[in-house]
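Q: I am attaching a structure below and will ask some questions about it afterwards.
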Amino acid sequence: MISTLTKSLKHLVITTISALLVSTSVAQERSLQLDEIWGSPKLYARIAGGFNTLPDGQHYSNAEVKEDGSYLLKYSLKSGKVIDTLIRPKDLISNGDTVEYSDYSFSNDASKILLKVKPEAIYRHSTREEYYVFERSTKNLKRITQNGKSMYGTFSPDGKQLAYVRDNNLYLYNLLSDKEIPVTVDGKKNQIINGATDWVYEEEFSMDIAFSWSPDGKKLHFIDLMKAM
């Protein structure tokens, strides 16, 4: 009885494996259909969101809200363990008020953190917001956008300057002298856009920011977009 049962089980296992191999072979030979490529999420890239990778490629950061406020923590990518606290609730006090940021980015050496505050949606991806820079070594929190919400705030490679767009003009902010310097002055709504794009570029080409730093941080390249009148 046991011998017969064992033989039956072996036969069932062999039959099942054979069926799976045939099924896999058929599936591999089948051509992709257009609706699978363009109309189905099957082939969409999968991403892990909710955290920012640090420039060293060895760590990541994530915000954690506790009873006394928001902490920005640094984790090891290898172990997943917390190894440092980048920002504490007391670091976010400016003129007696708590700065609540929606997003952030690091300078290349991770010594500075750009905080994006009170974002306002423009098109599909683009937003304008207020900018604060947190200096990790001194725990200094500095408000950058004194003259209105801006777009696409980006550290220079050496972390000494910021570039951003406001009212269709491109600006530099020197973090050492605390001075804002206009790069362009001819920006005009619905006519000339410096360092940014309009709706159609963002919607159809996923292109919104239109400036970049040179590797040495000494030059700023940008697009001067003139709309047909």
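Where a number appears in this text, it was derived from the coordinates with a stated rule and is not lab data. Only a predicted model underlies this, so the values are computations on that prediction, with no experimental measurement involved. In this analysis, Cβ positions are derived from the backbone assuming ideal geometry, glycine residues included, and neighbour counts consider all displayed protein chains.
Q: Using θ = phi - 60° and the Karplus curve 6.51 cos²θ - 1.76 cosθ + 1.60, what whole-Hz ³J(HN,Hα) does each residue of the stretch 132-146 get, with Gly and Pro shown as x?
A: 3J(HN,Hα) across the stretch 132-146, in whole Hz: 10, 10, 9, 8, 5, 5, 9, 6, 8, 10, 10, 7, 9, 7, 6.
Q: What residue among P55, P215, P41 has the largest mean-square fluctuation in a Gaussian network model of the chain, using Cα springs under 10 Å?
A: Answer for the Gaussian network model of the chain: P41.
Q: May I ask which of K90/K149; K188/K219; K112/K139; K139/K160; K142/K218; K139/K179 have a Cα-Cα span longer than 18 Å here?
A: Working: K90/K149 24 Å; K188/K219 24 Å; K112/K139 10 Å; K139/K160 16 Å; K142/K218 23 Å; K139/K179 20 Å.
Those over the limit are K90/K149; K188/K219; K142/K218; K139/K179.
Q: Same structure, new question: Between V183 and residues 5 or more places away or on another chain, which pairs have amide H atoms under 5 Å apart, with H built 1.01 Å from N, and which residues are they?
A: L170, Y171, L172
Q: Moving on. I'd like the FRET efficiency for E36 and A110, computed as 1/(1 + (r/R0)^6) with the beta carbon distance as r and R0 of 35 Å, rounded to 0.05.
A: Values: r = 42 Å, r/R0 = 1.19.
In this case the efficiency is close to 0.25.
Q: For S111, enumerate residues with amide H under 5 Å from its amide H, sequence gap 5+ or separate chain, H modeled in the peptide plane.
A: Placed amide hydrogens put nothing under 5 Å from S111.
Q: Here's another thing I want to ask about it. With percent of Cα pairs over 31 Å apart defined as stated, name the option among [x] 27; [y] 22; [z] 43 computed from the structure displayed.
A: Correct label, based on the coordinates given: [z].
Q: Using modelled backbone amide H atoms (1.01 Å from N, in-plane), which distant-in-sequence or interchain residues come within less than 5 Å of L175's amide H?
A: Amide H neighbours of L175, under 5 Å, 5+ apart: Q161, L162.
Q: With angles folded into 0 to 90 degrees, how steeply does helix 2-29 sit against the dominant principal axis of the chain? Use alpha carbons for both and round to 10.
A: The angle comes out at about 40 degrees.
Q: Give, as ranges by residue number, the residues of the stretch 189-215 whose backbone N falls under 20 Å from the point 7 Å along Cα→Cβ of L43.
A: Within reach of a label on L43, which here means backbone N under 20 Å from a point 7 Å along Cα→Cβ, the stretch 189-215 contributes 205-206.
Q: A further question on this structure: Starting from the Cα-Cα distance between F205 and D97, subtract it from 0.36 nm times their residue separation and give me the gain in nm to one decimal. Walk me through the intermediate numbers first.
A: On the way: separation 108, 0.36 × 108 = 38.88 nm, distance 3.96 nm.
Additional length available on full extension: 34.9 nm.
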